[in-house]
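Here is the structure we will look at, set down as structure tokens.
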Amino acid sequence: VVGLLKRYRELILVAFLLVGPLGVYFAHAKHPSERSRLDRVILVATGPIEKGIGWAVRGALNGWYGYVALRHAHERAAELERRAELLELDRLELASVRAENDRLRALLSFAHVYPDRRVVGARVVGVRLDPKGLQLVTIDRGAADGLERMMPVLVAHGVVGRIHAVNPSTADVLLLSDRNSSVAVRVERSRARANVRGTGSPDLARLEYALRSDDMVEGDVLVTSGTDGVFPRGLPVGRIVGLKRAGQGLYQRADVKPIADVTKLEEVLVITSHERAEEAAPAQATVVPPASPGGLAPIPASATVKAR
Amino acid sequence: MRPVVAFLVALALASAQAALLRWVGGGAFSLALALPVVVYLGLHAGNVDGAVGSAAVGYVVDLMCAGPKGLMTFLAVALFLFSRLAGAALAVQGRIGFALLSGVGTFLYGVLSLLFTRAVTPAETAPGLSLVGRIAVEALLTALASPLVLALMRRLDAVFAREEPGLLR
């Protein structure tokens, strides 16, 4: 036996590496478990790399637009043209800063619509919309900023997803488009109830459990119903497209186009308070805006601001 | 040494990929840069080194995909064996051969992961076969990017390679 083991040790090792993980997979698929300490340590190591690359790309873009493009303009144009290029560049930068300010203002105004909820602003630093796995984005806020699993994540105009896993300085957000993601919704116009579930594609979800007798038409806006215990009530989720009402059956089927385009996310809000504050207490919106290279818009005095 | 290098390279590539896709496409398409590392191991590493290194790379992909653990590790070792067989049968040479093998391997890897996930997931949350199109795009882009991984792995191999003492030493 020892001779056989020695002779086929490589084959046995490869077979073990093949079969072992498969057994682990089937065990985990039936009984999902939390990440181990080793998993978390390794994932923490990815955070600085993602942040570093984001910093480098931003720096390279700034360098390109600030220097290389200008040198090119110097070669091409006379003095007045160069000045015009500089002014144009400034105008574009200002427009970019203004657009960023508009987005941050929209996030802040959303925070003021819900003054009894604490929100944290975050910047997207990584995207993992992998068709083989979960649909995740990584944000630059984590447990150190008070983030926990299942906290809802939004942009000013709609639902993005919920916190899936938290590291000390980053967190993974499970997007609405993930097939494991289900949000309880109402049709804004008729108040009919249903669920929206992701399909794995960033730009399409599907409507579930919508009674065939319910009043809904293509183009109807779906908002969160607040009954799933994760998302507050009334947040836009998506718009009904491709409604199919069969001649029989309990439910009607429809596709949903999510309001928030997850492929263009830059900043998001995380609602960090689970329960409503007391009615008598003054509004306390703790808004932590995302780190911004171009500066931030003025923030109303009613908000406590922690800039990173 | 090779398994450790493969693990670290896969971790770095997976992190870099996540950060770069945030700037390029925003997730409209995906990449699997860790898989060409497995293909490289299949073509150039020994049985033990390669299998352990592939399992380590698969573990990284498992962590990044955040699904139930084990599937990506299993598929990575299977991809290692596939690459080994392909390398022996077809004499894969040069960047184009490596890119072709990486593309085909990535596609099969994605399709198998889809099928395994469908096998253990309730019907309502099972991934649809419509995702095969996304997997094909992922395989194509991974094939295009794989020569860079090949160059990186060759360079690292040159750095960490040890000469075996011969009879005349």
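The values are calculated or read from the model by the stated rules, or taken from the named source; none is laboratory data. Because the structure is a prediction, the values reported are computed rather than measured. Methodologically, a virtual Cβ is constructed for each residue, glycine included, from the backbone with ideal geometry; neighbour enumeration extends over all protein chains shown.
Yes/no matrix, rows are residues, columns are (1) at the interface with chain B (Cβ under 9 Å from one of its Cβ atoms); (2) of a type outside the set (Lys, Arg); (3) without any contact (Cβ under 8 Å) to a residue 12 or more places away in the chain; (4) touching a helix residue (DSSP H, G or I) at 6+ places or on another chain (Cβ under 6 Å):
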residue	(1), (2), (3), (4)
A:Gly3	no, yes, yes, no
A:Leu17	yes, yes, yes, yes
A:Gly23	yes, yes, yes, no
A:Lys30	yes, no, yes, no
A:Arg35	yes, no, no, no
A:Leu38	no, yes, yes, no
A:Val41	no, yes, yes, no
A:Leu61	yes, yes, yes, no
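Of the candidates A:Ala285, A:Ala280, the single residue that is of a type in the set (A, V, I, L, M), at pLDDT below 85 and farther than 30 Å from A:Asn101 by Cβ is A:Ala280.
In this structure, does B:Met64 turn out to be touching a Cys at 6+ places or on another chain (Cβ under 9 Å) and assigned to a helix (DSSP H, G or I)? Answer is no for this residue.
Across the range B:36-48, the number of residues qualifying as in a helix (DSSP H, G or I), under 30 Å from A:Arg7 (Cα atoms) and more than 7 Å from chain A (Cβ to nearest Cβ) comes to 8. Suppose we filter the range A:128-143 for residues that are within 25 Å of A:Gly229 (Cβ to Cβ), of a type in the set (A, V, I, L, M) and in contact with a Pro (Cβ under 9 Å, 6 or more places away or on another chain); how many remain? Result for the range A:128-143: 2.
All conditions in (1) crowded, with 22+ Cβ neighbours inside 10 Å; (2) within 7 Å of another protein chain (Cβ to nearest Cβ); (3) in contact with a Phe, Trp or Tyr (Cβ under 7 Å, 6 or more places away or on another chain); (4) farther than 24 Å from B:Arg154 by Cβ hold for B:Ala51, with the sole exception of (4).
Residue pairs whose Cβ atoms lie under 6 Å apart, sitting 6 or more positions apart in sequence or on different chains, and linking a residue in the range B:65-76 that is more than 7 Å from every other protein chain (Cβ to nearest Cβ) and closer than 18 Å to B:Leu31 by Cβ to a partner that is hydrophobic (A, V, I, L, M, F, W, C) and crowded, with 24+ Cβ neighbours inside 10 Å, are B:Met72/B:Val61; B:Ala76/B:Val38; B:Ala76/B:Val57.
Of the candidates A:Gly66, A:Gly59, the single residue that is in a helix (DSSP H, G or I), modelled with pLDDT under 80, exposed (fewer than 14 other Cβ atoms within 10 Å of the Cβ) and not hydrophobic (A, V, I, L, M, F, W, C) is A:Gly66. Among the residues of the range B:17-31, those identified as part of a loop (DSSP other than H, G, I, E, B) and facing chain A (nearest Cβ under 8 Å) are B:Ala28, B:Ser30.
Summed over the range A:121-156, the residues that are within 13 Å of the chain's Cα centre (by Cα), away from chain B (no Cβ under 14 Å) and on the phi < 0 side of the Ramachandran plot give a count of 7.
The set of residues in the range A:13-31 that are farther than 19 Å from B:Gly58 by Cα and part of a helix (DSSP H, G or I) contains only A:Lys30. For the range A:201-226, the set of residues classified as aliphatic (A, V, I, L, M) and over 21 Å from A:Ser181 (Cα atoms) consists of A:Met216, A:Val217, listed by residue number. Among residues of the range B:14-39 that are at positive phi and at pLDDT below 80, those with a Cβ under 7 angstrom from a residue that is surrounded by 24 or more Cβ atoms within 10 Å (Cβ to Cβ) and of a type outside the set (Phe, Trp, Tyr), sequence gap 6+ or separate chain, pair up as B:Gly26/A:Val127; B:Gly27/A:Val127; B:Gly27/A:Leu129; B:Gly27/A:Pro202; B:Gly27/A:Val262.
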